[in-house]
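See structure below.
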Amino acid sequence: MLAQYAHFQLEADFWKRFSHYAANEWSPGCINVDLVLQCIAKLKKGKIPSLMAKHILLVHLIIAVHLSLLFNVLLTHGVVTDGFVRGVVIPLIKNEANPFV
């Protein structure tokens, strides 16, 4: 009975807060390449916990372009697919003698 009462209180609090939610704070195209590059530059280089964050620090400029396009599409449509939270990292073995292989 107590858990059900707590559930109803939390649900009422959610709907109260949700009624003041402003979903259209972002305009299409508001995330540009410069903003993505600024955010990447602000990552703390010595305190990055994940390997993916280290990869982001070393990206080529074209990846920042694609990230800005991706974030704008996500904001425009308001949908993030389930596959967006999953990823596979495949390490590539570098050939020291020939870096282009």
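The values are calculated or read from the model by the stated rules, or taken from the named source; none is laboratory data. As the structure is a prediction and not an experimental result, all values here were calculated from the model. We place every Cβ from the backbone using ideal geometry, glycine too, and count neighbours over all the protein chains shown.
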Quiz prompt | One residue from 58, 51 being modelled with pLDDT of 80 or more, farther than 28 Å from residue 77 by Cβ and out of contact with any Asp or Glu (no Cβ under 9 Å at 6 or more places or on another chain) | solution = 58
Practice problem: From (1) surrounded by 10 or more Cβ atoms within 10 Å (Cβ to Cβ); (2) at pLDDT below 70, pick out the condition that doesn't hold for residue 74. | Solution: (2)
Quiz item: What single numbered condition from (1) modelled with pLDDT of 80 or more; (2) outside any helix (DSSP H, G or I) fails to hold for residue 95?
Solution: (1)
